[in-house]
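The values are calculated or read from the model by the stated rules, or taken from the named source; none is laboratory data. Being a predicted model, the structure only gives us computed values, none of them experimental. Cβ placement follows ideal geometry from the backbone for every residue including glycine, while neighbour counts extend to all protein chains displayed. Keep in mind that these areas ignore ligands, DNA and RNA; they rest on the heavy atoms of the full protein, side chains included. Shrake-Rupley method; radii C 1.70, N 1.55, O 1.52, S 1.80 Å.
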Amino acid sequence: MKDRTQDRRAFLRRLAAPALLPWLGCVPEPSESARERALRAPSGRASSGAPLSPVTRPVLLPWGTDAVHIAAPPREQPVAYVSMATRQLFVDHEYRDQVYWDLHAHISVSTGVWRLPLIGDEPGIPVQPGDQLREFEELSIRDWDPMAAAADGDIRILRGRPTPRVIDFDCAPLPGGRAFYRAGPWRIQQCGEAPGALCREDLASVGTGERFADRECTRLLGRVRVVTWACLEGLNPA
């Protein structure tokens, strides 16, 4: 218990400042994908009710050459985190059984690896042994480093329920003013507070945004993918 308390305190100290800042949004192109259309509509899962606060002053991070990342620190340490980069699944033992069911997982009796279906997989089709993209080594959540770089497709399980959020901003900068972005309004779902429930968020491309060279957003440089944490479970993205 002492180790878990120390881990939680360290996590909150590291994330206290950025957790107070809002997020970036994105604007769909006319030929939006199935994922983008689904994200703009309710997911069908239970919501905690009132929408999360609207985002008008986002914090943006560069994400490769063709994307921008929404800074979205969780309110508290996740109860589980799936890393696509390291093929590892970090889980709080107290929530292990619930995470198992929420991820629709199968745990190999012989190797102990978790086999997980990913967003876009056909429902009901089991993951075959040896599928390296969908097999993950189980570790304690105490071994998870919240400062480690995230990757496309990462999954985090938080305490809460999917809750609507409106994202709408104009000329939001990257750190240092290297580029500026305009997007919105756009509606997605993220994990809001709700006692006794767990909520899944995936780190994924959810649309496209406009990138500009100047703070007045007059010199358009092009469009970029927008990567963010969102409740995508149940969707079948294009």
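Residues are listed down the side, and each one gets a yes or a no for (1) in a strand (DSSP E or B); (2) without any contact (Cβ under 8 Å) to a residue 24 or more places away in the chain; (3) more than 18 Å from Pro58 (Cβ to Cβ); (4) among the β-branched types (Val, Ile, Thr):
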| site | (1), (2), (3), (4) |
| --- | --- |
| Arg187 | yes, no, no, no |
| Gln190 | yes, no, no, no |
| Cys199 | yes, no, yes, no |
| Gly207 | yes, no, no, no |
| Glu210 | yes, no, no, no |
| Cys217 | no, no, no, no |
| Val226 | yes, no, no, yes |
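The test for being modelled with pLDDT of 90 or more and over 25 Å from Gly222 (Cβ atoms) does not hold for Arg165. Here the condition is being in contact with a helix residue (DSSP H, G or I) (Cβ under 7 Å, 6 or more places away or on another chain), closer than 30 Å to Pro129 by Cα, at pLDDT 50 or above and not basic (Lys, Arg); of Asp97, Asp3, Asp92, Asp102, it holds for Asp92 alone. Out of Arg223, Arg182, Arg161, one residue alone is within 21 Å of Gln98 (Cβ to Cβ) and open to solvent by 30 Å² or more (accessible area, probe 1.4 Å). It is Arg161. Look at (1) at pLDDT 95 or above; (2) over 30 Å from Leu116 (Cβ atoms) and you find that Asp170 fails only one, number (1).
Would you call Glu216 open to solvent by 10 Å² or more (accessible area, probe 1.4 Å) and within 26 Å of Ala149 (Cα to Cα)?
Numbers: open to solvent by 10 Å² or more (accessible area, probe 1.4 Å): yes; within 26 Å of Ala149 (Cα to Cα): no.
Taking the combined requirement at face value, the residue does not satisfy it.
The residues of the stretch 120-130 that are open to solvent by 40 Å² or more (accessible area, probe 1.4 Å) and within 22 Å of Leu232 (Cα to Cα), listed by number, are Asp121, Glu122, Pro123, Gly124, Ile125, Pro126. Please determine, by comparing only the residues of the stretch 139-158 that are under 14 Å from the mean Cα position of the chain (by Cα) and open to solvent by 40 Å² or more (accessible area, probe 1.4 Å), which one is modelled with the lowest pLDDT. For the stretch 139-158, the residue satisfying everything is Ala149.
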